[in-house]
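Read the structure below first, then the notes.
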Amino acid sequence: MDAFADLFRGVRAHGSLFGSTALSAPWSLHFVDGAPLTLCTILNGSGWIVPEHGEPEPLHSYETVVVRGPGTFSFVDALDTEAQPVQCGRFCATPELGGTRHRLGWADAHAGGPTLIVGAYPVGGEINRRLLEALPVVLRVEAGGTGDPVVDHLAAEVAVDAPGQQVVLDRLLDWMLVCTLREWFDRPGGQPPAWWAAQRDPVAGEALRLIHGEPAEPWTVVGLARRIGVSRSTLAKRFTDLVGEPPLTYLTRWRMTLAADLLLEHRTATIAEVAACVGYADPFGFSAAFKRVRGMNPTEFRRRRLGLTPAGYVERQAHFPQQEDGQEPGDRFLQLQRTH
């Protein structure tokens with residue numbers, strides 16, 4: 001599994017907010033839901049994306065903008081047009097703020113006006129956070145790239161009301177997001193995250209694939225180098241030069257990212273079980289590594305993130321639910337990694 005695909009684990013549209021509207025100037029929309037990730041594309045005409053934090057970005061036909069939350073943003077025909085809020089209850093991808101996740105088609109269509117398509121992702125978790133941290137508040141990708149055919153499919157699907165439409169829209173939104181981020185990372189003069197360029201290196205890229213594909217393996221630099229077919233020193237230097245940190249430092253940080261999500265997703269799992277899932281036979285060694293990377297031990301991390309009080313928090317000793325196929329939790333976790 002490559003690093004980019006692994007960071008997308010869990011970033012999936014599922015009944016996502018999906019809206020389209022045809023507009024007549026002067027027009028303005030202020031999206032107040034603050035979704036972690038929102039994708040906007042315009043089928044014809046032009047306008048401006050104005051983020052709460054960041055500089056305005058023009059948006060022309062078939063161009064795509066990705067806005068990173070939690071700030072709000074506006075889409076206006078001109079920078080001096082006052083934006084009218086679109087309330088969370090009508091257009092929201094974050095249920096905890098009182099809205100709902102659904103497709104919304106506005107009725108105020110005007111033939112020939114700009115047509116805006118918006119999809120929002122209620123993404124969360126520590127794995128997804130690493131992807132979000134690699135993005136600016138607003139990124140824009142021009143027309144003419146690999147996303148154009150996807151926009152055509154989006155336009156065709158939004159225009160009909162057929163069984164299974166939401167499933168199609170969800171998958172098209174996933175496809176569009178991947179295409180947009182690929183092009184933005186590969187743009188001339190861009191500064192993508194170090195792991196993006198490193199993936200294409202035959203040495204560092206293969207090491208990243210091994211780490212992400214088998215994070216619970218007892219990796220050493222020698223073991224990784226042997227699997228790749230290079231010397232220990234070659235791997236250590238190439239990986240550090242391209243990724244920005246040594247292989248085992250990267251491995252530890254990635255394991256702790258996986259563990260952080262497991263601690264929250266499997267609330268009844270013991271620390272020892274989570275440790276085993278990410279390659280630690282010794283829960284005390286795991287706790288020490290977690291505290292070194294995260295600044296607190298696993299128990300404290302779970303308690304704080306789940307909002308539990310110290311007096312009321314008791315480390316649950318229950319185990320992961322038994323899998324129907326008899327697999328251990330760690331085996332199931334690794335299989336899920338390989339199949340996503």
Can you sort Trp195, Trp219 by how many other beta carbons sit within 10 Å, fewest first? Trp219, Trp195
Taking Met296, Met1, Met176 and counting other beta carbon atoms within 10 angstrom, the fewest-first order is Met296, Met1, Met176
Among 158-165, 250-257, what's the highest-first ranking by average C-beta atoms within 10 angstrom per residue? 250-257, 158-165
Once Ala281 and Glu217 are pulled to full extension, the length gained, defined as 0.36 nm per residue separation minus their Cα-Cα distance, is 21.9 nm
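No lab work stands behind these numbers, since they all come straight from the coordinates. Treat the numbers as computed from the prediction; the structure is a model and nothing was measured. Here Cβ is always computed from backbone atoms with ideal geometry, including for glycine, and neighbour counts include all displayed protein chains.
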